[in-house]
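Novice: Please read through the structure below; I'll follow up with questions.
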Amino acid sequence: MSATPVLSVAGLVKRFRGVTALDGVYLDVGKGEVVALIGPSGCGKSTLLRCLTWLEQPDDGFITIEGKAFGRERTGAVVTPQRRRQVDLMRPRIGLVFQQLNLWPHLTAIENVIRPQLVVLRRSRAEATERARALMANLGLSDRSERYPHSLSGGQRQRVAIARALAMDPALMLFDEPTSALDPELVGEVLALLRQLAATGMTMVVVTHEIAFAANVADRIAFMDQGRIIEDGPAAKVMTRPSDPRVARFLDLITPGSPGHR
Amino acid sequence: MVFDPSILIPYLPLLAAGTWLTVKISVMAFFLGYAVGIVLALVALIPHWVPRLVVSVYVAILRGIPFIIVVFLVYYGLPFAGVRLPAYVTGTVALGLFASAYYAEIVRAAIVALSPGQFESARAVGMSPLQAMRHVIAPQILRALVPPSTNMTLTMIKESSVLSSITVADLTYQSLVIQGNTFAPFESFAAVTLIYWAMTAIVAWAFARSERRLGRIEAENVGRSALVASFLSFDRRPAS
């Protein structure tokens with residue numbers, strides 16, 4: 001783990017019309033770390049990911065990507081919001097895979113991966129195509145590249161969405177419940193893919209309900225409840241000896257078929 | 001009785017003039033209707049009840065009355081307001097406004113059908129709002145517009161025949177003149193049938209071609225909602 005964390009979140013607060021969705025979130029993710037973000041629904045996990053990409057502007061707090069301020073800056077005691085252009089320049093460093101994927105249906109699979117490289121990174125078409133082909137090959141999509149998203153299976157769409165994010169060469173990948181929209185038989189496939197990605201040294205934050213993934217792939221588990229991360233530690237420790245009783249209760253609820261396994 | 005199309009030969013210039021006027025009226029009404037329709041659709045998307053109500057009342061009125069009545073109301077109503085315009089101007093405006101109610105709903109449905117996630121995913125990779133518009137939003141809206149617009153435009157071309165009843169010398173009007181002169185109604189109307197059919201066929205072909213150039217839309221976004229479906233089907237259109 002390098003000295004500067006890839007992602008550093010400090011005191012993040014987000015309110016929606018008086019409802020506090022994030023209530024002071026602190027999180028550091030080092031290079032190559034895989035953090036599973038778990039917690040009951042409505043606890044603020046998705047809001048946190050949306051704030052980390054500045055799709056939602058947090059009301060308070062700071063985000064630092066690779067040591068650089070993202071969204072708003074602090075110089076001494078003065079806080080200034082960054083210009084839209086500055087935010088856009090940082091965004092490719094953060095790859096977000098939406099829960100609903102949000103592939104672009106009017107473009108072929110490979111064009112979904114090529115287009116942002118052309119528009120945002122200003123790569124040449126040849127270079128972007130080469131990069132896209134390499135990614136699609138890695139993800140087992142070579143024979144699907146000319147298809148449109150609607151003619152792909154759920155698992156294939158998921159992989160296109162991952163390829164689209166990876167093509168921007170992000171420092172950090174964010175996954176919002178990557179298995180929730182999939183048929184049960186595809187869940188294993190996507191989890192294997194995430195494991196493979198983790199093995200390449202990619203820094204990842206994965207919002208998930210798959211406790212098996214959290215236990216087996218993640219280095220750390222961060223547990224969120226009511227807008228705060230109330231437990232954050234090595235996966236094995238959080239799974240077996242959580243210090244907060246809320247975590248223990250939640251784990252009991254979602255661990256299938258083994259009420260007394262701890 | 002013998003079917004004798006040659007009886008129409010002296011009247012070919014008249015048919016040509018009528019065709020030309022129908023084409024002109026249809027083209028102008030198309031642009032007028034679409035321009036007004038886009039404005040109405042954008043107004044209807046303002047998140048406030050007043051603009052939304054205004055647009056839905058406008059749409060409800062124009063959808064709820066037969067086009068021929070719209071034409072009569074405008075044609076005989078405008079002089080009360082002290083406005084005297086040539087019949088073909090009044091007719092074109094009436095046709096354009098009639099179509100605008102439908103185009104408005106087509107445009108609105110195409111915009112609403114787009115999920116906000118499309119814009120967000122473009123922004124999240126680092127596209128500016130303008131780039132997101134150009135590469136992700138606009139192409140999807142444009143192609144979603146084509147199929148329902150085809151139907152409405154064909155309907156509008158055919159509805160333009162109604163303008164013959166306010167003395168607009170369009171194709172239908174000329175066919176009535178010719179059958180009056182020749183006492184050969186079947187030949188006259190058969191000729192006009194062919195011309196209308198050729199016009200609508202050309203327009204349908206052009207739209208289909210533009211749809212292919214924009215790429216085919218998949219079934220997920222368009223044609224699923226009852227609203228869109230109601231504009232795709234002919235029989236729910238108010239009869240005239």
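Novice: When only Cα pairs under 8 Å and 6 or more residues apart are kept, what is the percent relative contact order across chain A?
Specialist: 25 percent
Novice: Also: What lysines could a cross-link reach from A:LYS68, if we take a straight Cα to Cα line under 29 Å and drop same-chain neighbours fewer than 8 places away?
Specialist: A:LYS14, A:LYS31, A:LYS45
Novice: In whole Å, how far is the Cα centre of the stretch B:79-128 from that of the stretch A:119-162?
Specialist: Going from one Cα centre to the other spans 36 Å.
Novice: Related question: Excluding A:LEU12 itself, what net charge comes from residues whose Cβ is under 13 Å from its Cβ, given Lys and Arg +1 and Asp and Glu -1?
Specialist: With Lys, Arg at +1 and Asp, Glu at -1, the neighbours total +1.
Novice: Do the sum for chain A: with -39,500 (n - 2.57) for every DSSP H run of n ≥ 4, divided by all residues, what is the mean residue ellipticity at 222 nm, to the nearest 500 deg cm²/dmol?
Specialist: -10000 deg cm²/dmol
Novice: Taking neighbour Cβ counts within 10 Å as the exposure measure, how do B:SER149, B:SER165 sort from fewest upward?
Specialist: The most exposed by this proxy come first: B:SER165, B:SER149.
Novice: Ranked by Cβ crowding within 10 angstrom, fewest neighbours first, how are A:ARG85, A:ARG72 ordered?
Specialist: A:ARG85, A:ARG72
Novice: Still on this model: Work the Kirkwood hydrodynamic radius out for the protein assembly as shown: mean of 1/r over every pair of different alpha-carbon atoms, inverted, in Å.
Specialist: Radius from the Kirkwood sum: 26.9 Å.
Novice: Around A:ALA198, what is the net charge, scoring Lys/Arg as +1 and Asp/Glu as -1 over all other residues with Cβ under 11 Å from its Cβ?
Specialist: Here the count lands on -1.
Novice: To continue, here is another question. For q = 0.07, 0.09 Å⁻¹, what log10 I(q)/I(0) does chain B give under the Debye formula with an equal point scatterer on each alpha carbon and no solvent?
Specialist: Computed log10 I(q)/I(0) values: -0.29, -0.47.
Novice: May I ask you to work out the translational diffusion coefficient for chain A at 10 °C, viscosity 1.306 mPa s, via Stokes-Einstein with Rh from the Kirkwood sum over Cα pairs, reported in whole µm²/s?
Specialist: 83 µm²/s
Novice: Could you compute how fast the stretch A:54-107 diffuses translationally, taking Rh as the Kirkwood radius over C-alpha pairs and applying Stokes-Einstein at 4 °C with viscosity 1.567 mPa s? Give it in µm² per second.
Specialist: Here the translational diffusion coefficient equals 100 µm²/s.
Novice: Tally Lys/Arg at +1 and Asp/Glu at -1 over every other residue whose Cβ is under 12 Å from the Cβ of A:PHE250; what's the total?
Specialist: Combined, the nearby Lys, Arg, Asp and Glu give -2.
Novice: Related question: Would you mind pulling out the separation of the Cα centroids of the stretch B:149-220 and the stretch B:1-41, in Å?
Specialist: So the two Cα centres are separated by 7 Å.
Novice: Can you compute the radius of gyration and Dmax for the stretch A:67-183, using only the Cα atoms, both in Å?
Specialist: When restricted to the Cα atoms of the stretch A:67-183, Rg and Dmax are 16.0, 55 Å.
Novice: Could you list A:LYS237, A:LYS14, B:LYS158 in order of exposure, starting from the residue whose Cβ has the fewest other Cβ atoms within 10 Å?
Specialist: A:LYS237, B:LYS158, A:LYS14
No value in this document is a laboratory result; all are computed from the given coordinates. Everything quoted here is computed from the prediction, not taken from an experiment. As a convention, Cβ positions derive from the backbone with ideal geometry for all residues, glycine included, and neighbour counts pool all protein chains shown.
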